[in-house]
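A.B. asks: Structure incoming, see below.
The values are calculated or read from the model by the stated rules, or taken from the named source; none is laboratory data. Computed from a prediction, not measured in an experiment: that's the story for all the values here. Ideal geometry is used to build each Cβ from the backbone, glycine not excepted, and the neighbour counts take in all protein chains shown. Surface accessibility is based on the protein's heavy atoms, side chains included, excluding ligands, DNA and RNA. Shrake-Rupley method; radii C 1.70, N 1.55, O 1.52, S 1.80 Å.
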Amino acid sequence: MTLFSPTFPRHPESSGARSEEKATDLPVWRLDDLYSGLDSPAYAEDLKKVAHECREFAACYRGALPRLLEGPEASKELYDAVRRYEAIDDLITRIMSFAGLSYAEDTVDPVRAKFYGDAQERVTAASTDLLFFQLELNRIDDAALERAMAQAPLSHYRPWIEDLRKEKPFQLEDRIEQLFHEKSVTGHAAWNRLFDETIASLRFEVDGRELTLEPVLNLFQDPDPALREKASNAIGATLKANLRVFTLISNVLAKDKDISDTWRGFKDVAESRHLSNRVEPEVVEAMVAAVRAAYPRLSHRYYKLKARWFGKEKLSHWDRNAPLPDAPQKNYDWAQARAAVLNAYGDFSPRMAEIAQKFFDRKWIDAPVRPGKAPGAFAHPTSPSVHPYVLLNYQGKPRDVMTLAHELGHGVHQVLAAPNGPLMAPTPLTLAETASVFGEMLTFRSLLAEAKDPREKRAMLASKVEDMLNTVVRQIAFYSFERKLHEERKQGELTAEKICELWMSVQAESLGPSIELGEGYETFWAYIPHFIHSPFYVYAYAFGDCLVNSLYGVYQKAEPGFVEKYFALLSAGGSKHYSELLKPFGLDARDPAFWDIGLSMIEGLIDELEKVAI
């Protein structure tokens, strides 16, 4: 049972550039389907209700699970318990989704910050009474539990119970689990909040303007090289001035994780993430090795080409995602972006477009850039009894359209998975990026097919290659950085200089000799929220991109029944292992050669780009 986090955030390389799109022209979500407002009587009642339900559940089932399995109705008895637990989980998720999304609207508003903090405290206190359930389920004799799961109705929850049993070796005694749970509010959750509020409060001065993080990052795609350099200098200066805080946050959270890992018996710094992702460590390491081996033929090759197009031996780091010198400057207003994504989705499947259409029609999207608003983009599923919401910081450039396609892909996935219920709808990160990256690819190919001007086509291909490098190469570099940081932290506290040194080492390796990493870039690790909120999350982006590249290759071959099999994959949510879901497509991610299939598609796009070079 987890509290709110901005589920499936877009990787931190995805923003567009400046645009004339006005905030008044962009949709703002309505959270009424959760609660009517911060002062909602229904919200207050549900907070009381969830505390009551948790106490009643504990009174009924604590210490009683073995007894439930002794009678002839064992399957139904345990099914009823799990179903009741699931209903409470749904209510908790609804409460925390509303508090978290309200907070994301303006993270520097003290009223919203208090509202969110109070919700965390109340829900954490209430859900303490539920901790025993998963712990005691995992203490039940294997044979007795297997007999009960072999029959209806408990067989429905077999996938969730089997996943839960994988955590059995790492569980602690009940009182210790309770202590970890209760102290999370003043532990890692508090440091997460400090990071969020610090980032939201920062201002970056560019040409006399005070900008928040999102708009200043967007300047890296501005056609003016002087403005890109100023943006980089502003980010470097502001992060450097605040590096003491970010260094402390990183040290505390890395140590906090190390303490938890040690108590639970995890041997590797990323082992707990692999477990939660339901992926074998050797599969992740095979992917990481394949991507790192591909650096020379992917990122190194591409940035050498780009430097040549700019008439340089090397690109400054602020030019890495810059538009090509002759690229047409194209903006998309909201109506055009909406049409581009829905048309691409509809060409693949009318059903996919129909689901995505609801996000626009029913105000499930919050798109404008606002001071204090959470940066980046994310799709949050809320609870299966409601629907997902999407947060963007839309500014009208082609990359913003891709971000919209990406987050709506998550949204479609979440809608399709919802019927599995609160316990089995959530998708492990290994497959969580499937629909998002696939939606991006559909939209990109649709827009590319419409492009007539060779310069526009080249600009689009270059942008797509850069997005894929940012999704695969950059995220594996981020993963390598995290591994180094967490392993070094085991030896003692890290200075800001040491963290910057670790950051620069992986950046130089991944970006290659054609990118010059200038002064200030050493601090850029400090603004990336994934390192704080979800340690080792980032490899899921590379996993998802390579997986989708392979899936898209199957789709391009006009494989019979592909659409139906694709929807079956998304609709499974977390009820099946990724290997079982990929089997109908003839794909096996446990085969080391699998990763080369996805990486070869990026290489093929670079080949295609060279052919249209003018």
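A.B. asks: Residues that are touching a Lys or Arg at 6+ places or on another chain (Cβ under 6 Å) and surrounded by 14 or more Cβ atoms within 10 Å (Cβ to Cβ): which helices (runs of 4 or more DSSP H) entirely in the range 110-206 hold 1 or more of them?
C.D. replies: Once the helices (runs of 4 or more DSSP H) in the range 110-206 are filtered for at least 1 residues that are touching a Lys or Arg at 6+ places or on another chain (Cβ under 6 Å) and surrounded by 14 or more Cβ atoms within 10 Å (Cβ to Cβ), what remains is 131-137, 142-149.
A.B. asks: Could I ask something else about it? Could you please tell me which pairs satisfy a Cβ distance under 7 Å, a separation of 6+ or placement on different chains, a first residue in the range 138-162 that is without any contact (Cβ under 8 Å) to a residue 40 or more places away in the chain and under 23 Å from Arg62 (Cβ atoms), and a second residue that is of a type in the set (Lys, Arg) and surrounded by fewer than 18 Cβ atoms within 10 Å (Cβ to Cβ)?
C.D. replies: Pairs found: Asn138/Arg165; Asn138/Lys168.
Table: residues versus (1) in contact with a Pro (Cβ under 6 Å, 6 or more places away or on another chain); (2) crowded, with 18+ Cβ neighbours inside 10 Å; (3) at pLDDT 95 or above; (4) among the small types (Gly, Ala, Ser).
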{"site": "Asn549", "(1), (2), (3), (4)": "no, yes, no, no"}
{"site": "Tyr566", "(1), (2), (3), (4)": "no, yes, yes, no"}
{"site": "Leu569", "(1), (2), (3), (4)": "no, yes, yes, no"}
{"site": "Asp588", "(1), (2), (3), (4)": "no, no, no, no"}
{"site": "Ala593", "(1), (2), (3), (4)": "no, no, no, yes"}
{"site": "Gly598", "(1), (2), (3), (4)": "no, yes, no, yes"}
{"site": "Glu610", "(1), (2), (3), (4)": "no, no, no, no"}
{"site": "Ile614", "(1), (2), (3), (4)": "yes, no, no, no"}
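A.B. asks: Quick check on the range 342-361. Is at least one of its residues among the hydroxyl-bearing types (Ser, Thr, Tyr), more than 18 Å from the chain's Cα centre (by Cα) and modelled with pLDDT of 95 or more?
C.D. replies: The answer is yes; a qualifying residue exists.
A.B. asks: Only one of these conditions is not met by Gln556: (1) open to solvent by less than 30 Å² (accessible area, probe 1.4 Å); (2) free of Cβ contacts under 8 Å to residues at least 12 places away in the same chain. Which number is it?
C.D. replies: Looking at each condition in turn, Gln556 falls short on (1).
A.B. asks: Here's another thing I want to ask about it. Out of the residues in the range 527-581 that are over 22 Å from Val465 (Cβ atoms) and among the polar types (S, T, N, Q), which is nearest to the chain's Cα centre (by Cα)?
C.D. replies: Filtering the range 527-581 for residues that are over 22 Å from Val465 (Cβ atoms) and among the polar types (S, T, N, Q), the one nearest to the chain's Cα centre (by Cα) comes out as Ser534.
A.B. asks: When the range 364-392 is examined, which residues are found to be part of a loop (DSSP other than H, G, I, E, B) and hydrophobic (A, V, I, L, M, F, W, C)?
C.D. replies: Trp364, Ala367, Val369, Ala374, Ala377, Val386, Leu392, listed by residue number.
A.B. asks: Would you say Arg209 is surrounded by fewer than 18 Cβ atoms within 10 Å (Cβ to Cβ), under 28 Å from the mean Cα position of the chain (by Cα) and closer than 30 Å to Lys330 by Cβ?
C.D. replies: Here the answer is no, as Arg209 does not meet what is asked.
A.B. asks: Taking the condition at negative phi, among the hydrophobic types (A, V, I, L, M, F, W, C) and touching a Lys or Arg at 6+ places or on another chain (Cβ under 6 Å), does Val563 pass?
C.D. replies: no
A.B. asks: Now a separate question. If you scan the range 54-68, which residues turn out to be open to solvent by less than 80 Å² (accessible area, probe 1.4 Å) and aliphatic (A, V, I, L, M)?
C.D. replies: Ala58, Ala64, Leu65, Leu68
A.B. asks: Among the residues in the range 214-231, are any touching a Gly at 6+ places or on another chain (Cβ under 9 Å) and either of a type in the set (Val, Ile, Thr) or open to solvent by less than 20 Å² (accessible area, probe 1.4 Å) (or both)?
C.D. replies: Looking through the range 214-231, at least one residue is touching a Gly at 6+ places or on another chain (Cβ under 9 Å) and either of a type in the set (Val, Ile, Thr) or open to solvent by less than 20 Å² (accessible area, probe 1.4 Å) (or both).
A.B. asks: Something else now. Quick check on my filter: what residues within the range 345-356 are touching a residue at least 12 places away in the same chain (Cβ under 8 Å), open to solvent by less than 60 Å² (accessible area, probe 1.4 Å) and part of a helix (DSSP H, G or I)?
C.D. replies: Hits for the range 345-356 are Tyr345, Phe348, Met352, Ile355, Ala356.
A.B. asks: Output yes when any residue across the range 97-112 is in contact (Cβ under 8 Å) with a residue 40 or more places away in the chain, among the basic types (Lys, Arg), under 23 Å from Glu214 (Cα atoms) and out of contact with any Cys (no Cβ under 7 Å at 6 or more places or on another chain), and no when none is.
C.D. replies: yes
A.B. asks: Confirm whether Ala237 is within 23 Å of Ser184 (Cα to Cα) and among the aliphatic types (A, V, I, L, M).
C.D. replies: So Ala237 does not fit the description; no.
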